[in-house]
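The values are calculated or read from the model by the stated rules, or taken from the named source; none is laboratory data. The structure displayed is predicted, hence computed values, not measured ones. FYI the Cβ positions are ideal-geometry reconstructions off the backbone, even for glycines, and counts take in every protein chain you see. Remember, those area values only see protein heavy atoms, side chains included, never the ligands or the DNA or RNA. Shrake-Rupley method; radii C 1.70, N 1.55, O 1.52, S 1.80 Å.
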Amino acid sequence: MSLARLIERLLQLIPVLLGVSVIVFVMITLTPGDPVEIMIGDQNITAEQEAAMREDLGLDRPVHERFFLFLGNAVQGDFGESFYHRRPVIDVIAERLPATIELSLVALIIALVTAIPLGVVAAIKKNSMTDRLATVGSLLGVSLPGFWFGILLLMLFAVQLQILPVSGRIGFSSEIEPITHFLLIDTLLRGRPDAFLDALSHIILPAITLGLPMTAILMRVTRTSMLEVMRQDYVTFAEAKGLRRNRILFRHALKNALIPTVSVAAIETGSLLGGNMIVETVFGWPGLGRLVVESIFVRNYPLVQAAVLFYALTYVMLNFLADILYTVLNPRVKL
Amino acid sequence: MSSEADILLRMRDVRIDGFADEQWHEIIKGVDLTLRKGEVLGLIGESGAGKSTLGLAAMGFARPGCRLTGGEILFDGVDLMRASERQKQRLRGARIAYVAQSAAAAFNPAHRLLDQTVESGIRHGVLRPDNARETAVELYRAMDLPDPEHFGDRFPHQVSGGQLQRAMTAMAMACRPDLIVFDEPTTALDVTTQVNVLAAMRGAVKRFDTAAIYITHDLAVVAQMADRIKVLRHGEEIEEADTETMLRAPKQPYTRSLWAVRSIRKPGEGSADKVLEVRGVTAAYGTRPVLEDVSFDVPRGRTVAVVGESGSGKSTAARVITGLLPPTDGGVRFNGQDLAPDLAGRSKEDLRRIQMIYQMADTAMNPRQTVREIIGRPVQFYFAKTGAEVDARVSELLQMIELDDSFLDRLPGELSGGQKQRICIARALAADPEVIICDEVTSALDQIVQDGILKLLMRLQKDLGVSYIFITHDIATVRAISDEIVVMYQGRVVEKGMKEDILSPPHADYTALLLSSVPEMEVGWLDRTLAAQGDGAA
């Protein structure tokens, strides 16, 4: 890909992000509820005190003024202060982000390493028992609501069998000084395999819950496109060349079959962000998703705005990444 | 003359089943085949005769939806019917190679040509990874490919169809096999390209003394390639003889009927009454120019053949005439009046009077509509007829195309290739048009079926006075049906005039090349043509 094309693609981000920020701003302003009232709760305070709070948070100004102020600051990287934490929104988000990224990556890895081989096997053994089980499984995977499936897992493994913890990222006894803030990595870097296993036992259930719908979808896509590719002349032709079955499957068929899988995986990785909000809430995972849910409840405008903008940026970048991967897999496509 | 030891491949009473309509049918019904070392056997017949199925069976291979059920296939003493999958894998690619009809579909789009060319050689241990590249370059050079040193670094989509077909022959040659099965290797190519590919393939086969089975439906091509010819029909052998004898004196009536097709010759007739005039049309797809200053006339009740190789702009000219692609300059006049450049500007009457028939009848019809609906639709649309009137008109149209009312409720899937194209013709006629544009309408059909369609079109022209613009790359079709000819090359008209004038010398350069590239049904034509074209170039 040429540099000019890369820059062009990056410039296309600007209108997207601008649009997203307008939509988020409008939606959050239209949502009923008032942050100040929520903060006051049952406390008795005077009207002057309330007005002072409102002024302090900048909520006394008209909506359009607030929007342009937000936009002007955002362009300079200032997303304002969290109403609730009274600290810059950026700092609060940065603090929670590693937990979410770690969870999403583990979910993604689980999805990829189960979905692709399963999809390939289901395609090769079409209509076999494996294929049928995988098909039914994937139907369940997309249909089961995450909050319900997560609770089910919790009840089985944490409550009944008591082999896995109920919530959190790591046990108290395993807490360590962070390096990368990814606990699975830090525990190893600090030479604490016991803490690593502890962290692993905490992440496994939320990651499975989060990755389940993606696994199901990717498996279906891989199976379908593998079947499609297996019908192509070049696969039959590879047989006529006397190549072994595994070479035909992996070198000739899979590389072409993965093209749709990659683009769907990128889009689905974006949707993991949405899934995070539910899964993190169910499993008490201290990540960005839970923070956003809490912030919506207390109408913490600056934080929600910044977080949604961050989600949008991630989503667009993932698609961009998928396009680049596409050109690697499919030489006929140029960006 | 030759001893048993010379025999490379012997098939005895081979039987193969194919799965269709939920059950197995025998599609190869006990065929014998003997091939000696270094010998080329031509397999010919219509589509569905079982040529490709038999060719693949020579590799011990049953394509998906087929199964080998009986007989024996002895390749150099190994019975491929009973050999294990591992044994067959060791032979395929190494000692028996396959060249497919569509190289574009048979090359993996995701890998470079070089890797694919040498892959089976390396896997079979015939080539070493370090000298594989040299071998490939040598083969590319033998196949006359451009820039042989770097040709293999490209991906399949980056080279032309003719080059790809030659690359596939190079790939088949990589292990110096004893036998190559060529399955219609030049059918998808332009005639001008075909000559070079044929020459390269034959040269390689001779040079390495490889035996070959050459499958084709084109008799003229097989006459250039084969030492002996076997004729197949409905999975059975009709007859077999050496090429010379087979061309001169076929014994069986079926073979003679194959030989006799293409004898249609309509004398060209002119007409001063012009129904359609294409005037100085220049057109482009986006910024890429496709047509430049194209002009020709269509006389009323006559046939204008537009000929040229793929990419010459023939079909684009049709798109301009029908209003699908507005020209950037010039225009189309119809019955002396200017036609609006784009579809939206044309009246329903304008649209009705110019109809189109396509190459692929399969994709030109909605597979979920019955023949009644397909033909009835334009009757309703253009003439606002309903109920019994439509039915009556549809029956009448079916009669015109020599089919009867029993076809009314059939779906396209239940028709043969020729019948499908007939239904498309009836659909065009339903609009009662003055001009029908026929875009390669016979290219996808067998020769015998082609003849039927051409005769039908000629009779309809006589009865109805309709004019045809006949787009084709096939000179035999042009000879058969046209009154006037327009020769196109790279978006321009290089020659136009009455059929007899264009087809007899002197020719414009490109026309000469085009005409001389059409294989003729006689042994030695290829050598003479190559010699003549070589002289012309020199």
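Chains A and B together bury roughly 2200 Å² of accessible surface, counting both sides and using a 1.4 Å probe on protein heavy atoms. For region A:121-200 versus region B:426-477, the spacing of their alpha-carbon centroids is 67 Å.
Given Cβ point charges of +1 (Lys, Arg) and -1 (Asp, Glu) and nothing else, what value in debye, to the nearest 20, does the dipole of the protein assembly as shown about its Cα centre take?
Using only the charged Cβ atoms, the result is roughly 1560 debye.
Using the alpha carbons alone, the radius of gyration of region B:4-260 stands to its Kirkwood radius in an Rg to Rh ratio of 0.96. On average, how many beta carbons from a partner chain sit within 10 Å of the beta carbon of a residue in B:98-110? For peptide B:98-110, the averaged partner shielding equals 6. Starting from the Cα gyration tensor of region B:273-313, take the square roots of the eigenvalues, sort them a ≥ b ≥ c, and report rounded, prolate or oblate (rounded when a/c is under 1.5, otherwise prolate if a/b is larger than b/c, else oblate). Verdict is oblate for region B:273-313.
About the Cα centre of region A:63-133, what is the dipole size in debye to 20, counting +1 per Lys and Arg Cβ and -1 per Asp and Glu Cβ, all else neutral?
That gives region A:63-133 a dipole magnitude of about 460 debye.
Taking region A:18-49 and a reference point 7 angstrom along Cα→Cβ of A:ASP60, the backbone N atoms nearer than 12 Å belong to A:48-49. Take each residue of peptide A:230-237, count the partner chain Cβ atoms within 10 Å of its Cβ, and average: the result is 6. Annotation: A:GLU95 carries an accessible surface of approximately 110 Å², with a 1.4 Å probe and no ligand, DNA or RNA atoms counted. Net length available on complete extension from B:VAL78 to B:LEU464 is 132.8 nm, with 0.36 nm assigned per residue and the Cα-Cα distance removed.
Computed from the Cβ-Cβ distance with R0 of 51 Å, the FRET efficiency linking B:SER347 to A:ILE7 stands at 0.55.
Run a plain Debye calculation on region A:93-329 (Cα atoms as equal point scatterers, no solvent) and give log10 I(q)/I(0) at q = 0.08, 0.10, 0.15 Å⁻¹, rounded to two decimals, same order as the q list. Values, matching the q order: -0.37, -0.56, -1.07. Return the lysines within reach of B:LYS455: Cα separation strictly under 20 angstrom, same-chain partners fewer than 8 residues apart disregarded; answer none if there are no such residues. Hits, sequence-local ones excluded: B:LYS266, B:LYS420, B:LYS499. Once every Cα of the protein assembly as shown carries one equal point scatterer and solvent is ignored, give the base-10 log of I(q)/I(0) from the Debye formula at q = 0.09 Å⁻¹, two decimals. Rounded to two decimals, the profile gives -1.08. From the alpha carbon centroid of region B:195-274 to that of region A:21-44 is 83 Å.
Using a Förster radius of 22 Å, what is the FRET efficiency between B:ARG207 and B:ASP6 based on their Cβ-Cβ separation? Nearest 0.05, please.
Numbers: r = 19 Å, r/R0 = 0.88.
For B:ARG207 and B:ASP6, the calculated efficiency is 0.70.
Which of A:LEU57, A:ILE45, A:PHE67 sits closest to the plus end of the dipole of region A:3-75, meaning its Cα is farthest towards the positive end, when Lys and Arg get +1 and Asp and Glu get -1 on the C-beta? In region A:3-75, that residue is A:PHE67.
What is the sum of charges, Lys and Arg at +1 and Asp and Glu at -1, for the other residues whose Cβ falls under 12 Å from the Cβ of B:GLY417?
-1
The modelled label-to-label distance for the pair A:THR180/A:ARG87, using points 7 Å beyond Cα in the direction of Cβ, is 2.3 nm. Once all protein chains are placed together, B:ARG67 keeps about 100 Å² accessible to a 1.4 angstrom probe.
In debye to the nearest 20, how big a dipole does chain B give about its Cα centre with +1 on each Lys and Arg Cβ and -1 on each Asp and Glu Cβ?
560 debye
Build a GNM of chain A with springs between Cα atoms under 10 Å apart, and of A:ASN276, A:ASN73, A:ASN300 the one that fluctuates most is A:ASN73. Residues within the reach of a label modelled at B:ARG112 (point 7 angstrom out along Cα to beta-carbon, backbone nitrogen below 16 Å), restricted to region B:145-178, are B:147-159.
Membrane-span-like helices in chain A (whole DSSP H runs, Cα extent of at least 30 Å along the helix axis, mean Kyte-Doolittle hydropathy of at least 1.6): A:89-124. With a Cα cut-off of under 20 Å and a minimum spacing of 8 residues unless on different chains, the lysine pairs in chain A number 4. On the basis of the beta-carbon distance and an R0 of 60 Å, A:LEU156 and B:GLN252 show a calculated FRET efficiency of 0.20.
Each peptide among A:56-66, B:218-228 gets the average number of other Cβ atoms lying within 10 Å of its residues, and from highest to lowest they stand as B:218-228, A:56-66.
Which of the peptides A:47-55, B:177-185, A:126-134 is most tightly packed, and how do the rest follow, going by the mean number of other Cβ atoms within 10 Å of each residue?
B:177-185, A:126-134, A:47-55
Relative contact order of chain A, taken over Cα pairs closer than 8 Å and 6 or more residues apart, is 25 percent. Partner lysines whose Cα lies under 16 Å from the Cα of B:LYS37, excluding those fewer than 8 positions away in the same chain, are identified as B:LYS206. Picking from A:ASN246, B:SER257, B:VAL14, whose Cα lies most toward the positive end of the charge dipole for the protein assembly as shown (charges on Cβ: Lys, Arg +1; Asp, Glu -1)? Of the options given, the answer is B:VAL14. Only protein heavy atoms count here; on that basis, with a 1.4 Å probe, A:LEU189 has an accessible area of about 110 Å². Can you pull the one-decimal nm distance between simple spin-label points at A:GLU228 and A:GLN49, each 7 Å off the Cα toward Cβ? Rounded to a tenth, the inter-label distance reads 6.4 nm. Region A:215-252 and region B:345-420 have their alpha-carbon centroids 40 Å apart. To the nearest ten degrees, helix B:161-173 and the longest principal axis of the Cα atoms of chain B are 10 degrees apart.
The candidates B:ILE16, A:ILE185, arranged from most to least accessible area with a 1.4 Å probe in the full protein assembly, appear as A:ILE185, B:ILE16. Between B:GLU149 and B:LYS29, residue separation times 0.36 nm minus the direct Cα-Cα distance comes to 38.5 nm. Between B:VAL31, B:VAL222, B:PRO299, the Cα set farthest toward the positive side of the dipole of chain B (charges on each charged residue's Cβ, about the Cα centre) is that of B:VAL31.
Provide a whole-number value for the mean count of partner chain Cβ atoms within 10 Å of the Cβ atoms in peptide B:51-62.
1
Protection proxy ranking for A:239-250, B:431-442, B:327-338, using the average of other Cβ atoms within 10 Å per residue and placing the highest first: B:431-442, A:239-250, B:327-338.
Distance between the pseudo-spin-label points of B:LYS37 and B:GLN399 (7 Å out from Cα toward the beta carbon): 6.7 nm.
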